[in-house]
C-alpha cells in the first residue's frame with residue numbers, strides 16, 4: 001500500500017470516528033446485540049431494523065464507546081448496511097473478516113467493502129483487528145437471530 005493511500009485510509013477512519021454515521025438509539029429494532037472487547041474495553045450495541053415484511057435492512061444503529069478504530073468501524077458498517085438484505089450483509093461481513101485476516105497481502109475489493117477497505121492497514125496489528133471487528137460481530141449476531 002502506498003503512503004498516499006495509507007494516509008487516505010487513515011483520514012477515512014478519522015472522519016468516521018468524528019462524524020459517526022448511525023450513532024444513536026433505534027426505537028423499533030428487530031434485533032440487537034451487545035459486544036465487548038475485554039482486552040481494551042471497547043463496547044458496542046448494534047441494533048438492526050428491517051423493512052416491514054422483508055429481510056432488507058432499513059436501519060442499523062449503534063451506541064458504544066471505544067477507540068477510533070472501533071467507533072469508525074461501526075460508523076462504516078452503519079453506512080454500508082442500509083438497504084442490504086441479511087444475506088448481502090453476511091457477505092460484507094465475510095469480506096471484511098477475510099480482509100482483516102489477510103494482513104494486507106491481498107488487495108480488498110472496494111466495490112464490495114466501500115469505505116471499509118480503509119481498515120486494511122489495521123490487519124497488520126492483531127490487537128486492533130478485534131477493535132475493527134467488534135461492531136461487525138455484533139451485526140452478524142443480529143443477522144443470525146433474524147434468520
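The values are calculated or read from the model by the stated rules, or taken from the named source; none is laboratory data. Values in this document were obtained by computation on a predicted structure and should not be read as measured data. Every residue, glycine among them, receives a Cβ derived from its backbone with ideal geometry; neighbour counts consider all protein chains shown.
Scanning segment 7-52 for residues that are over 17 Å from residue 76 (Cα atoms), modelled with pLDDT under 90 and surrounded by 13 or more Cβ atoms within 10 Å (Cβ to Cβ) yields a single hit, 40. At least 3 residues being in contact with a strand residue (DSSP E or B) (Cβ under 6 Å, 6 or more places away or on another chain) is the threshold, and among the helices (runs of 4 or more DSSP H) wholly inside segment 69-147 those reaching it are 126-146. Filtering 82, 102 for residues that are surrounded by fewer than 19 Cβ atoms within 10 Å (Cβ to Cβ) and touching a helix residue (DSSP H, G or I) at 6+ places or on another chain (Cβ under 9 Å) leaves a single hit, 102.
When residue 126 is tested against the conditions (1) touching a residue at least 24 places away in the same chain (Cβ under 8 Å); (2) farther than 27 Å from residue 28 by Cα; (3) over 14 Å from the mean Cα position of the chain (by Cα), the lone failure is (1). A single entry from 118, 72, 139 fulfils the requirement of being closer than 16 Å to residue 31 by Cα, surrounded by 20 or more Cβ atoms within 10 Å (Cβ to Cβ) and either in contact with a helix residue (DSSP H, G or I) (Cβ under 8 Å, 6 or more places away or on another chain) or modelled with pLDDT of 90 or more (or both): 139. Within segment 11-42, being in a strand (DSSP E or B) and under 13 Å from the mean Cα position of the chain (by Cα) holds for 23, 35.
Of the residues making up segment 53-69, those that are over 25 Å from residue 18 (Cβ atoms) and loosely packed, with under 15 Cβ neighbours inside 10 Å number 2.
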